[in-house]
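The values are calculated or read from the model by the stated rules, or taken from the named source; none is laboratory data. What you are looking at is a predicted structure, and each value in this text was computed from that prediction instead of being measured. Quick reminder, even Gly has a Cβ in these numbers, built from the backbone with ideal geometry, and neighbours come from all protein chains shown. In case anyone asks, the SASA skips ligands and DNA or RNA and just uses the protein heavy atoms, side chains included. Shrake-Rupley method; radii C 1.70, N 1.55, O 1.52, S 1.80 Å.
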Amino acid sequence: MFRNKAYLLLALLMLPLAGCVYDRAIYVIEGRDHYIGVSRDQNWFWQDTVNIHLIAHRMPDCVESLRIEAVPRHATIELYYPPQVYVEPIHIAEVNKVYYAISTASCRVQRFATRPDDLGRHLGSFKEAPDGRFGFVADPAAG
């Protein structure tokens with residue numbers, strides 16, 4: 001009898017964690033140590049938003065991320081490779097019509113004040129598949 005109550009109590013304690021999200025996807029630039037990543041976390045199962053971390057990763061030299069809060073869970077994050085007219089090579093991420101510069105040279109991620117004039121070549125999208133898996137889907141035209 002006590003054993004069944006303990007399992008019931010354990011199940012009730014785990015309920016708030018059901019449906020929570022913590023996942024990550026990467027766009028590989030050069031091997032497993034040089035990439036742009038996106039991680040998502042959701043604190044409570046009833047939320048329809050997630051917190052996003054845009055990650056510039058180039059090990060062993062550096063890793064940096066920028067947290068973006070309250071992004072709709074099913075939002076798609078677009079990744080672009082713009083013409084390299086910037087001080088250092090960057091990629092551009094679009095999150096809900098807000099644009100971010102991601103540099104793996106200096107491992108910096110920062111928000112653009114306005115939409116860049118030329119987003120460049122669309123590389124693909126970080127998004128959740130119908131089965132719930134989060135991943136990077138390359139744009140077939142990106143070659």
Within segment 119-138, the count of residues that are outside any strand (DSSP E or B), at pLDDT 95 or above and open to solvent by 20 Å² or more (accessible area, probe 1.4 Å) comes to 1
Go through (1) farther than 21 Å from residue 77 by Cα; (2) modelled with pLDDT of 90 or more and name the single condition residue 14 misses. (2)
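Can you name the residue in segment 18-66 that is of a type in the set (Asp, Glu) and in a strand (DSSP E or B) and, of all such residues, is most open to solvent (accessible area, probe 1.4 Å)?
The qualifying residue most open to solvent (accessible area, probe 1.4 Å) is 64.
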Going through (1) touching a residue at least 24 places away in the same chain (Cβ under 8 Å); (2) of a type in the set (Ser, Thr, Tyr); (3) not in a strand (DSSP E or B) one by one, residue 114 fails only at (1)
If only one of 71, 98 is open to solvent by 30 Å² or more (accessible area, probe 1.4 Å), of a type in the set (Val, Ile, Thr), over 22 Å from residue 30 (Cα atoms) and under 15 Å from the mean Cα position of the chain (by Cα), which one is it? 98
Quick one: would you say residue 81 is open to solvent by 30 Å² or more (accessible area, probe 1.4 Å), among the aromatic types (Phe, Trp, Tyr) and touching a Lys or Arg at 6+ places or on another chain (Cβ under 8 Å)? yes
